[in-house]
1. Among the numbered conditions (1) of a type in the set (D, E, K, R); (2) buried (at least 19 other Cβ atoms within 10 Å of the Cβ); (3) free of Cβ contacts under 8 Å to residues at least 40 places away in the same chain, tell me where Lys78 comes up short.
2. Hey, among the residues in region 111-160 that are of a type in the set (Gly, Ala, Ser) and at positive phi, which one's surrounded by the fewest Cβ atoms within 10 Å (Cβ to Cβ)?
3. Looking for something in contact (Cβ under 8 Å) with a residue 12 or more places away in the chain, in contact with a helix residue (DSSP H, G or I) (Cβ under 8 Å, 6 or more places away or on another chain) and acidic (Asp, Glu) - is there at least one such residue anywhere in region 342-349?
4. Take Glu343 and tell me if it is touching a Ser or Thr at 6+ places or on another chain (Cβ under 8 Å) and modelled with pLDDT of 95 or more.
5. Are there any helices (runs of 4 or more DSSP H) wholly within region 1-116 with 2 or more residues that are within 16 Å of the ligand (Cβ to nearest atom), and if so which?
6. Just a yes or no: is a residue in region 287-297 surrounded by 17 or more Cβ atoms within 10 Å (Cβ to Cβ), modelled with pLDDT under 95 and not assigned by TED's automatic domain parsing to the domain that holds Pro171?
7. So for region 185-204 (the condition being on the phi < 0 side of the Ramachandran plot, exposed (fewer than 14 other Cβ atoms within 10 Å of the Cβ) and in a helix (DSSP H, G or I)), does at least one residue qualify?
8. Just for region 205-230: of the residues that are within 17 Å of the chain's Cα centre (by Cα) and surrounded by fewer than 21 Cβ atoms within 10 Å (Cβ to Cβ), which one is nearest to Glu9 (Cα to Cα)?
Amino acid sequence: MDAATPVVELKQITKRFPGIVANDSISLKLHKGEILALLGENGAGKSTLMNIVFGLYQPEEGSIEVKGKPVVIDSPNKAIELGIGMVHQHFKLVQPFTVTENIILGMEPKKMGARIDYKTSVAKIKQLSDQYGLKVNPNAKIHDISVGMQQRVEILKTLYRGADILIFDEPTAVLTPQEIGELMVIMKRLVAEGKSIILITHKLKEIMQISDTVTIIRRGKVIDTLKTAETNPNELAEKMVGRSVTFKVDKQASVPKEIVLDVKNLVSKNKEGISVLSGLNLQVRAGEILGIAGVDGNGQSELIEAITGLRKVDSGIIEVRGKDTTNKNPRHVTESGVSHIPEDRHKHGWY
Ligand SMILES: Nc1ncnc2c1ncn2[C@@H]1O[C@H](COP(=O)(O)OP(=O)(O)OP(=O)(O)O)[C@@H](O)[C@H]1O
């Protein structure tokens, strides 16, 4: 394979679901040592495309070449065999197991009587961790390490299996700003060592910071492929949504009036008895927008569920315009004047 041959080339990939063309004749190329960002709004078709590359879906039309050779990727095992690894947005780790146990899980020898040499695995993981600056302790238990570190275990899992093409699915959604910085450094290190990366995202800042090339998809179609150095967030946003976008909001200072939502000392526990909301207080006044900041998984979803009646709370009070709606059903809450636009409209919405 000469240097100009893409490590992955998708040629006119089409994938249909009932009533929708999720991928419409998509072509793209990933070169060795490159970070290619796949940019698109929710529902644009990014995950479908990457699930095809990772062997989870089969396209109806089109073909794939890996390192210049036509391939059929009919399972994740086949993808791994071809050197393709996926770092999922939702980690697939067993909490009470160690880093090493998680990494070797599923790679046990098929031959009767053959055993995995745990010590050798630890040494190999240590070596990979050092080589790519991952700073992972092979003997740590997953439930004792941070989310950022867990993501690095997922990266190690792909490297351990010999991946040289890594797909990252919205990797920064679960990270703190500091962890995002660290991930960027790791991605740069991976490509410097000869790996190639596809980064699925809709975050323009990260694309500008880290990628070499951007392919924009909208409604299942490739809109454009641009060199990152030759574009800017405005152009990317316009191509992503299909109309001009302004980042400037002319906003007058709000004049908040009476309290319309009052949340007092809210406590809610999950099935394991761990508090997901621990004495939370907030007030929203008429005429104001209240923003809630936080990394995924810190109780935002549970708070929304509690307010909208989808989750029972263990103690505390929720009042809408002075009326107690604590632990009332969603219909009651809706009739009290609360509506909810869910984060994932496919999973929780009705349109
Ligand atoms: N298994 C499926 N069955 C039916 N329709 C699907 C399936 N998977 C995806 N779709 C549809 O295909 C379209 C593309 O979805 P896809 O998940 O690939 O988009 P995306 O760009 O990854 O968006 P997101 O960021 O929300 O995941 C959407 O309209 C979605 O509803």
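The values are calculated or read from the model by the stated rules, or taken from the named source; none is laboratory data. Since the structure is predicted, the reported quantities are computational estimates derived from the model, not experimental observations. Note that each Cβ is placed from the backbone with ideal geometry, even for glycine, and that neighbours are counted across all protein chains shown.
1. Here Lys78 meets the rest and fails (2).
2. Looking at residues that are of a type in the set (Gly, Ala, Ser) and at positive phi, I get Gly113.
3. Yes, because at least one residue in region 342-349 is in contact (Cβ under 8 Å) with a residue 12 or more places away in the chain, in contact with a helix residue (DSSP H, G or I) (Cβ under 8 Å, 6 or more places away or on another chain) and acidic (Asp, Glu).
4. It is false that Glu343 is touching a Ser or Thr at 6+ places or on another chain (Cβ under 8 Å) and modelled with pLDDT of 95 or more.
5. Where helices (runs of 4 or more DSSP H) fall fully within region 1-116 and carry at least 2 residues being within 16 Å of the ligand (Cβ to nearest atom), they are 46-53.
6. no
7. Yes, region 185-204 has at least one match.
8. Glu206
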